[in-house]
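Everything on this sheet refers to the single structure shown next.
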Amino acid sequence: MNIFSAIELQQAQILLFFQSIRTPFLNGVFIPITITAEGILAVLISTVLYWCISKRYGIRLIYSLLLNMAMNVFVKDFFRIERPIGKYGIESIRERTATGYSFPSGHTQNASSLWSSLAICIRKKWIYAVAFVMTIAVALSRLYLGVHWPTDVIAGAIFGLIGSAISISIIDSSEKKHNFNILYIVIIVMVIGLALNKGTEYTRIFGASFGATMGYIVETKFIGFKTIEEKRKTKGYNPKSDIGNYIKRYIIGIVSLGAVYIGLKYISAPVVHSESEFIKNMVYFIRYMITVFWGTAVVPAIFVKMGI
C-alpha cells in the first residue's frame with residue numbers, strides 16, 4: 001500500500017464514523033446546512049446588499065463568489081481526485097449534487113467565500129463568529145453526507161479565504177485608483193482561462209464574471225444609484241422612513257432578475273442541446289452574462305428611473 005492509499009484509507013475511517021452516527025434528525029440538520037452553500041442563499045444575500053444596503057459590500061461579495069467558483073473549477077481539474085462515493089463501504093447522501101471531482105470541496109469553498117467576504121467587509125466580532133461556524137458546519141455536512149474527503153473540505157475552506165482576500169483587494173484597488181484597469185486585467189486572465197478549460201461550468205462562471213464587471217463599470221460611470229450606506233451620508237437621513245422603497249426595490253429586482261434568468265433559459269433550451277460544444281458554451285456565456293449584467297446595472301437603472 002502506497003502513502004496515498006494509506007491516507008485515503010484513514011480518511012475513509014472518518015467518513016465511516018459520520019456514517020455510523022446518521023439518524024433522521026441529523027439528516028434533517030446537515031442536509032439544510034449543505035443546501036446553504038448551493039447558491040440560493042448567496043444570491044439572496046448579495047442582492048440585498050448590492051441593491052439595498054451597500055453596493056460597495058455587494059460587489060465585493062459577488063466578485064468573491066465568482067472568483068472562488070472559477071478557482072474551484074481549475075483546482076479540481078488539475079488534481080482530478082475522485083470522490084469517496086461508493087468506496088470502502090461509504091454510502092453517500094444527495095449524490096446528485098456531488099458532481100465532478102472531489103478536491104477541493106465546492107460547497108465548503110462557497111461557504112468560506114460567502115461568510116469570510118462578509119466578515120472582511122463588516123469587520124464585527126459577531127460576523128467573524130458566524131463566518132467560522134457556518135464554514136465549519138458546511139464542511140462537516142459534506143463529511144456527514146459522505147461526498148467529500150476530509151482533505152477536500154479543509155482545502156475548500158482555505159481556498160475560500162484566499163479567494164475572498166484576493167477578490168476584495170481587486171475591488172479595493174479599483175476604487176482607490178478610480179479606474180477599472182485591474183478589472184479589465186481580470187477579464188483578460190479569465191479569457192486566457194478559456195484556453196485551459198473549455199468546460200460548461202467555467203464558461204458559465206466566465207459569463208457571470210464578465211456581466212458583473214461590465215455591470216459594475218456601467219453602474220459606476222452612468223447610473224450611480226444609492227443604497228442605505230450612501231444615503232446615510234446625507235444629513236438627517238433616516239433609513240426607517242425609506243423602508244417601503246427598499247422593499248419595492250427588492251421585489252422589483254429579484255422578480256425581474258428571476259424572469260430574465262428563466263426567460264433566457266427557456267429561449268436557449270433548444271440550442272444547449274446542440275452537438276457543437278462551442279455553440280452550447282457561447283449560449284451559456286451569453287445567458288449568464290446578460291443575467292448578471294441585468295442585476296448589477298439594469299436593475300439599479302430601474303430604481304433610479306422609478307425614484308426608489
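Each value in this text was obtained by applying a stated rule to the coordinates, not by laboratory testing. If you're wondering where the values come from, they're calculated on a predicted model, not measured in any experiment. FYI the Cβ positions are ideal-geometry reconstructions off the backbone, even for glycines, and counts take in every protein chain you see.
Listed here are the residues, each with its yes/no results for (1) out of contact with any helix residue (DSSP H, G or I) (no Cβ under 6 Å at 6 or more places or on another chain); (2) farther than 23 Å from Tyr202 by Cα.
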position	(1), (2)
Phe74	yes, no
Ala98	yes, no
Phe103	no, no
Ser113	no, no
Val133	yes, yes
Ala137	no, yes
Ser141	no, yes
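Among what's in region 14-36 and is assigned to a helix (DSSP H, G or I), without any contact (Cβ under 8 Å) to a residue 60 or more places away in the chain and surrounded by fewer than 16 Cβ atoms within 10 Å (Cβ to Cβ), pick the residue that is nearest to the chain's Cα centre (by Cα). Let's see the steps before the verdict.
Looking only at region 14-36, we keep the residues that are assigned to a helix (DSSP H, G or I), and these are 14-20, 24-35.
So of that shortlist, the ones also without any contact (Cβ under 8 Å) to a residue 60 or more places away in the chain come out as 17, 20, 24-25, 28-29, 32, 35.
The next check asks that each one be surrounded by fewer than 16 Cβ atoms within 10 Å (Cβ to Cβ); those that pass are 17, 20, 24-25, 28-29, 32.
Numbers: Phe17: 30, Ser20: 32, Pro24: 29, Phe25: 28, Gly28: 24, Val29: 22, Pro32: 17 Å.
My answer is Pro32.
Filtering region 154-199 down to residues that are surrounded by 14 or more Cβ atoms within 10 Å (Cβ to Cβ) and among the aromatic types (Phe, Trp, Tyr), which residue is nearest to Thr108 (Cα to Cα)?
Phe159
Could you tell me which of the residues Gly236, Gly263 is more than 24 Å from Val299 (Cα to Cα) and of a type in the set (Gly, Ala, Ser)? Can you show your working first?
On the way: Gly263 fails: more than 24 Å from Val299 (Cα to Cα).
Being more than 24 Å from Val299 (Cα to Cα) and of a type in the set (Gly, Ala, Ser) holds for just one of Gly236, Gly263, which is Gly236.
Yes or no, residue by residue, for (1) more than 29 Å from Ile228 (Cβ to Cβ); (2) surrounded by fewer than 22 Cβ atoms within 10 Å (Cβ to Cβ):
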position: Glu38; (1), (2): no, yes
position: Val43; (1), (2): no, yes
position: Tyr50; (1), (2): no, no
position: Ile53; (1), (2): no, yes
position: Leu61; (1), (2): no, no
position: Met71; (1), (2): yes, yes
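Answer yes if at least one residue in region 248-269 is touching a Gly at 6+ places or on another chain (Cβ under 8 Å), over 24 Å from Ser54 (Cα atoms) and in a helix (DSSP H, G or I), and no otherwise. It would help to see each step written out before you state the result.
To start, the set of residues in region 248-269 that are touching a Gly at 6+ places or on another chain (Cβ under 8 Å) comprises 253, 257.
With over 24 Å from Ser54 (Cα atoms) added as a condition, the list becomes none.
No, every residue in region 248-269 fails to be touching a Gly at 6+ places or on another chain (Cβ under 8 Å), over 24 Å from Ser54 (Cα atoms) and in a helix (DSSP H, G or I).
Condition check ((1) assigned to a helix (DSSP H, G or I); (2) more than 26 Å from Lys198 (Cβ to Cβ)) across all residues:
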site	(1), (2)
Cys52	yes, yes
Gly58	yes, yes
Asn72	yes, no
Ile93	no, yes
His107	yes, no
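I'd like the residue in region 134-153 that is of a type in the set (Val, Ile, Thr) and free of Cβ contacts under 8 Å to residues at least 40 places away in the same chain and, out of all such residues, is surrounded by the fewest Cβ atoms within 10 Å (Cβ to Cβ). Full working, then the answer.
Step one: filter region 134-153 for residues of a type in the set (Val, Ile, Thr), giving 135-136, 138, 147, 151, 153.
Okay, now just the ones that are also free of Cβ contacts under 8 Å to residues at least 40 places away in the same chain, so 135-136.
Values: Thr135: 26, Ile136: 15.
Restricting to residues being of a type in the set (Val, Ile, Thr) and free of Cβ contacts under 8 Å to residues at least 40 places away in the same chain, the top hit is Ile136.
List the pairs whose first member sits in region 77-91 and is within 10 Å of Trp149 (Cα to Cα) and touching a residue at least 24 places away in the same chain (Cβ under 8 Å), whose second member is of a type in the set (D, E, K, R) and exposed (fewer than 15 other Cβ atoms within 10 Å of the Cβ), and whose Cβ atoms are under 8 Å apart, counting only residues at least 6 apart or on separate chains?
Partner pairs satisfying both residue conditions: Ile85/Glu95.
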